[in-house]
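Since the structure comes first, as structure tokens, the remarks are kept for the end.
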Amino acid sequence: MQKLAVSILLLTVAGCAVYYGHRLDERYGSADPSRYERPSPAQIDLDYWRDVKPVLDNRCVVCHGCYDAPCQANLASYQGVTRGGHKDKVYDAARLLATGPTRMFFDAQSNAGWRRKDFHPTLNERAATPEADREGSVMYRLLRLKRAHPLPAVAVLPDNRYDFSLDREQQCPAIEEMVRFEQKYPEWGMPFGLPGLSDREYSTLTRWIEAGAPYRDPEPSSGAHQQRIAEWERFLNGDGLKARLMSRYVYEHWFIGSLYFDDLPGQEYFQLVRSKTPPGRPVEVIATPRPFDPPGVERVYYRLRRLLESPLAKTHMPYALNAPRMARLKAWFLDVPYEVTELPSYAAETASNPFVTFLQLPVVARYRFMLEEAQFTLMGFIKGPVCRGQVALSVITDHFWVVFAAPDVAGTDSDAEFLAKELKNLRLPAEHESTTGLFKWLFYARYESNYLKAKSRYLSERLGAANPPKLDLLWDGDRGNPNAALTVFRHFDSATVVQGLIGDRPQTVMLIGYPLLERIHYLLVAGFDVFGNAGHQLATRLYFDFMRAEGEMNFLSLLPRAARQPVRDHWYRGASKAHIRQFQDTDAYYSQETGVEFKTQDPLAELYAMLKTYTAPVTAQRYAIASSGLGGAPLGSLVELSGLRGRPISHLPETAFLTVRNMGGSDYHFTLLRNSAHSNVAELLGDTERRLPDEDTLSVLNGFVGAYPNAFFLVNAADLQGFVGGVQRLASEADYRELLARFGIRRTDERFWAHSDALTNAYRRWAPKEAGLFDYNRFENR
């Protein structure tokens, strides 16, 4: 009976949708998906770029950008607005088969193409009249619904009426379903669970929609920009085999970047794409799930295509192009004496393995290339194109450091010979493309075990008693590059990579050399498909478990031999027996003594201090509290706040932005990061059971770190000590709500949007190239 009732309900809903679709057709004519592909000039005093886009960005894109936008409604570009929404989620850990990708500007080139992929319009595609454009627009109807049903006058929205969980069941009505949606969910107008638009903002979007959503193409790039584009496209499309192999390598690492010319004014960003057409002709993008998938043409061309989407903090990865960088690429890859005899294939089993594909390229050139912008390289798997990184990020700690092996240590000819012998054991899950068997990861555990045994023998030969590992094994940034030392902060399913070693005692440390850095990139960036099946995601997640452990074991080799196992066991408290012996037994991984001299009974703390001293010459101070300019007692209060530890911290959100306002009305912005402690991060399930709240720490950083703020705090400088005391006394949810009542700006606060705008503007001033729009999909309701 229950199944029959469900079937009847589904048929009824479908029938209603068909009925309302016929009514719309009768009143306004049939839908034409191509309507907005030939936008007419504005007949009103509104310009999309000047008037409309700022409202969409600051009120809509902050929840509707990238793959995790509700209903896949990506509003970060005009093309995204006209594409519409979809009922399927991109993030589906239970997917048995890979699904078709739905990447903006790649997987369909017209709205008709998106309709064939089951996207429904959010703007009216029927008759071009004000009434039709209002009543036939999902966007307008949702804005109007919010206008008619504003937020209830409560501090915390009731859970039984508002669901903000990431995996909530989404309602994604097409226009034919809007009547039923409005009746069933009257409080779910847009912006969902946030204050409504101001009168001016509502009027702007309403008038724009009524006028048929007029749009004009952006102003063309300047002549200087076009000249730089031409220079780089010439460089990346050389005809020699060395040039073509170099360009393929560069593309497979840069395809996720927001490329820009740092010697030119303006905020124009470009994306490196594969095209069927050579420079000088319009780009015809080759849309494949991965950058190394077969292109389907005899020769690909690497082209710079202008990015039209608003930069989002969660995906924006700026990368500067300039003459010195081109000169270094030329010196590393083209001027050195080596020979490329043939170009590698695009077959999945070889293209997924960079050590096979780029065997002919010098190892030291590849490593230098990745190391030069190591923050960008690591940020690829933490930000990259996937927005939500839970697959990879559930296996890293909340606060860890990353240092690198020096290129003259990790890029020698003997390293190249060793890697060439280990090609089979360096295979990666992407060789199975996007649909992988659930137990395939066991094969990769065996490959990793074989590789580590060989690596252990190799390290013992290279770093034996006569040449034990010392600090000079580490890259010093060539005494000028701040990428030599990085800190990673995890915020559940997102994370941030910053330059410098932040904090005095991280939860773990990774020491990464070329093979590990390359494998991380091809596992989690170039080879990962967010649209892949559960097996692909599981194999990727478990393989990265190996990568993390390997980097940690590299670091432990710098400790005295007797101190390594206790540290490793502390980092993996309660972890089940590993499949690979080298990850359990530090002697099995590397049995030689360190060359670092220690003087205390706490060698780990001593090594942390040594690392900070070693990297100090290239460490910027931008995140230091003192760099904010705030002084006196308020600065002392923030220092005290940053020293808090233990269970009170566990009641704070993972990421909060704290604004301190002095008596003169000037604002100082800081980020509060709760570093959640776990007994280990090597288990697939049971994250909550492994929490150790008594070991939680708090990082207080100048400026903005993190794309997904969970909370806002606004504190007068004179009250800052009271805020610190309130955090110290946190012992329950009730205590935290009291702290919010005094100092917080909740999602229901009438000041929310004004404060959001102030933070966005401050971020752009503080980091003009890095800044992007924050995402409020994880903003708390407490």
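The values are calculated or read from the model by the stated rules, or taken from the named source; none is laboratory data. Quick caveat, the model's predicted, so the values are computed rather than measured. Virtual Cβ from ideal backbone geometry, glycine too; neighbours counted across all protein chains shown. Heavy atoms of the whole protein, side chains included, go into the accessibility calculation; ligands, DNA and RNA do not. Shrake-Rupley method; radii C 1.70, N 1.55, O 1.52, S 1.80 Å.
Summary of packing: across the peptides 485-492, 337-344, 696-703, the per-residue average of other C-beta atoms within 10 Å ranks them, highest first, as 485-492, 696-703, 337-344. Normalising the average separation of contacting C-alpha pairs (under 8 angstrom, six or more residues apart) by the number of residues puts the relative contact order of the chain at 13 percent. Between Q721 and T341, the FRET efficiency estimated from the beta carbon spacing at R0 = 60 angstrom works out to 0.30.
Applying a DSSP loop filter and a limit of 16 other Cβ atoms within 10 Å to the GluC sites (Glu not before Pro) in region 701-765 leaves E750.
Compared with the alpha-carbon gap, the fully stretched path from R216 to A620 is longer by 141.2 nm at 0.36 nm per residue. Looking at the chain, the DSSP beta bridges with both ends there are about 70 percent antiparallel.
For the pairs K146/K769; K184/K383; K87/K146, note any where the Cα-Cα span goes beyond 30 Å. Listed pairs above 30 Å: K146/K769; K184/K383. For the set R479, R561, solvent exposure ranked by accessible area (probe 1.4 Å, protein chains only) runs largest to smallest as R479, R561.
Ignoring aspartates and glutamates fewer than eight residues from K242 along the same chain, the ones with Cα atoms less than 14 angstrom from its Cα are D335, E339, E342. Solvent-accessible area per residue in the chain equals 40 Å², computed with a 1.4 angstrom probe and all protein chains kept. With the whole protein complex present, K470 retains an accessible surface near 90 Å², based on a 1.4 Å probe.
A simple spin-label model places the labels of R691 and R505 2.2 nm from each other, with each point 7 Å out along Cα-to-Cβ.
Centroid-to-centroid, using Cα positions, region 296-349 and region 251-274 are 10 Å apart.
Ordered by 1.4 Å accessible area with all protein chains kept, F439, F404 run largest first as F439, F404. Entry note, region 75-185: relative contact order of 27 percent, from Cα contacts under 8 Å with a spacing of 6+ residues. What does a probe at L442 reach in region 519-549, counting residues whose amide N is under 17 Å from the point 7 Å along Cα→Cβ? Correct set: 535-536, 538-540, 542-543.
Among the protein heavy atoms of the chain, carbon and sulfur supply 53% of the accessible surface, probe 1.4 Å, non-protein parts ignored. Computed from label points 7 Å out along Cα-Cβ, the spacing between D757 and S30 is 4.5 nm. Checking every one of the GluC sites (Glu not before Pro) in region 250-321 against DSSP loop status and a limit of 11 other Cβ atoms within 10 Å picks out E298. In this view, the solvent-accessible surface of K276, computed with a 1.4 Å probe and all protein chains in place, comes to about 110 Å². Applying the criteria of a DSSP loop state and at most 16 other Cβ atoms within 10 Å to the chymotrypsin sites (Phe, Trp or Tyr not before Pro) of region 99-161 yields F106. In the structure shown, the pairs K53/K89; K314/K421; K330/K612 are assessed against 27 Å; a Cα-Cα span above that value is assigned to K314/K421; K330/K612. Separation of region 438-511 from region 58-85 is 37 Å, based on Cα centroids. Taking Cα centre as origin and charging only the Cβ of basic (Lys, Arg, +1) and acidic (Asp, Glu, -1) residues, the dipole magnitude of the chain rounds to 520 debye.
Which links in K453/K577; K424/K453; K470/K577 stretch past 25 Å when you go from one Cα to the other? Those over the limit are K470/K577. Residue order by solvent-accessible surface for T82, T99 is T99, T82, largest first, with ligands and nucleic acids left out and a 1.4 Å probe.
Each of the peptides 540-552, 149-161, 576-588 was scored by the mean count of other Cβ atoms within 10 Å over its residues; in descending order, highest first, they stand as 540-552, 576-588, 149-161. What the Cβ-Cβ distance of R729 and L241 gives, at R0 = 51 Å and to the nearest 0.05, is a FRET efficiency of 0.15.
Against the chain, whose longest principal axis comes from its Cα atoms, helix 441-462 is set at around 40 degrees.
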